[in-house]
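The values are calculated or read from the model by the stated rules, or taken from the named source; none is laboratory data. Note that the coordinates shown come from a computational prediction; the quantities given were computed from them, not determined experimentally. Methodologically, a virtual Cβ is constructed for each residue, glycine included, from the backbone with ideal geometry; neighbour enumeration extends over all protein chains shown. With ligands, DNA and RNA removed, areas are computed over all heavy atoms of the protein, side chains included. Shrake-Rupley method; radii C 1.70, N 1.55, O 1.52, S 1.80 Å.
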Amino acid sequence: MKMALIEAHKAMETDEVPVGAVIVHEGKIIASAHNQVKSPHNPTGHAEILAIKEACQKLKTTHLMDCDLYVTLEPCPMCAHAISLAKIRTLSFGAYDPKGGGVDHGPKIFDHSTCHHRPEIFGGIEEKACAALLQDFFQKKR
């Protein structure tokens, strides 16, 4: 999660919402990303989506069954569905997102019978640090 927080700081430096993600395979980080929505004008440029894409390209597969995703914020519904489609083994996230989350809040993507795959989920990892970064970012915006 510490590496995901480093990625989140990179996002904040470019005025993006500070969310970072890393994917681990066989104990090694194989992909890391941070939100990149504004600069390339890409609404799908969420950290999770970018990390999944990088990991799939590195492993030359569409399924990341032996991979673990660490992300600083509860994934939104779009990202939760991508996690399901990629068949990621475990999802660990930091701050909960009651407004935009799609795992423990909102549509709870993994709870639906139509969900392709449900990873093992761990929420609240380094929650205080992850939440503080987001709060700091949005307070500066106000």
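Six or more apart or on different chains, Cβ atoms under 6 Å: show the pairs whose first residue is in segment 83-100 and in contact (Cβ under 8 Å) with a residue 24 or more places away in the chain and among the basic types (Lys, Arg) and whose second is open to solvent by 10 Å² or more (accessible area, probe 1.4 Å) and in a strand (DSSP E or B).
These pairs meet every condition: 89/68.
Counting only residues that are touching a residue at least 40 places away in the same chain (Cβ under 8 Å) and open to solvent by 60 Å² or more (accessible area, probe 1.4 Å), which one in segment 47-73 is nearest to residue 32 (Cα to Cα)? Give the steps one after another, and end with the answer.
Restricting attention to segment 47-73, the residues satisfying the condition of being touching a residue at least 40 places away in the same chain (Cβ under 8 Å) are 47, 64, 66-73.
Next cut, open to solvent by 60 Å² or more (accessible area, probe 1.4 Å) only: 66, 70.
Numbers: 66: 16, 70: 9 Å.
Among those residues, the one meeting the criterion is 70.
Residues of segment 74-85 being touching a Pro at 6+ places or on another chain (Cβ under 9 Å) and open to solvent by less than 40 Å² (accessible area, probe 1.4 Å), which ones?
Within segment 74-85, 74, 80, 82, 83, 84 qualify.
Inspect segment 94-111 for any residue being of a type in the set (Phe, Trp, Tyr) and within 11 Å of the chain's Cα centre (by Cα) and give the result as yes or no.
Step one: filter segment 94-111 for residues of a type in the set (Phe, Trp, Tyr), giving 96, 110.
Now narrow it down to the ones that are within 11 Å of the chain's Cα centre (by Cα): none.
Within segment 94-111 (the criterion being of a type in the set (Phe, Trp, Tyr) and within 11 Å of the chain's Cα centre (by Cα)), the answer is no, since none of the residues qualifies.
Which one is nearest to residue 87 (Cα to Cα) among residues in segment 9-37 that are outside any loop (DSSP other than H, G, I, E, B), open to solvent by less than 20 Å² (accessible area, probe 1.4 Å) and not small (Gly, Ala, Ser)?
The first filter runs over segment 9-37 and keeps only residues outside any loop (DSSP other than H, G, I, E, B), leaving 9-13, 20-25, 28-34.
Pick out the ones that are also open to solvent by less than 20 Å² (accessible area, probe 1.4 Å) and you get 11, 20-23, 31, 33.
Applying the additional criterion that residues be not small (Gly, Ala, Ser) yields 22-23.
Values: 22: 15, 23: 12 Å.
Going through the qualifying residues, I end up with 23.
Which one of these is of a type in the set (Phe, Trp, Tyr) and in contact with a Ser or Thr (Cβ under 9 Å, 6 or more places away or on another chain): 137, 93? Give the derivation first.
Working: 137 fails: in contact with a Ser or Thr (Cβ under 9 Å, 6 or more places away or on another chain).
Sole residue among the options that is of a type in the set (Phe, Trp, Tyr) and in contact with a Ser or Thr (Cβ under 9 Å, 6 or more places away or on another chain): 93.
Which numbered condition in (1) out of contact with any Leu (no Cβ under 6 Å at 6 or more places or on another chain); (2) of a type outside the set (Ser, Thr, Tyr); (3) within 24 Å of residue 24 (Cα to Cα) is the only one that residue 91 fails?
With respect to (1) out of contact with any Leu (no Cβ under 6 Å at 6 or more places or on another chain); (2) of a type outside the set (Ser, Thr, Tyr); (3) within 24 Å of residue 24 (Cα to Cα), residue 91 is out only on (1).
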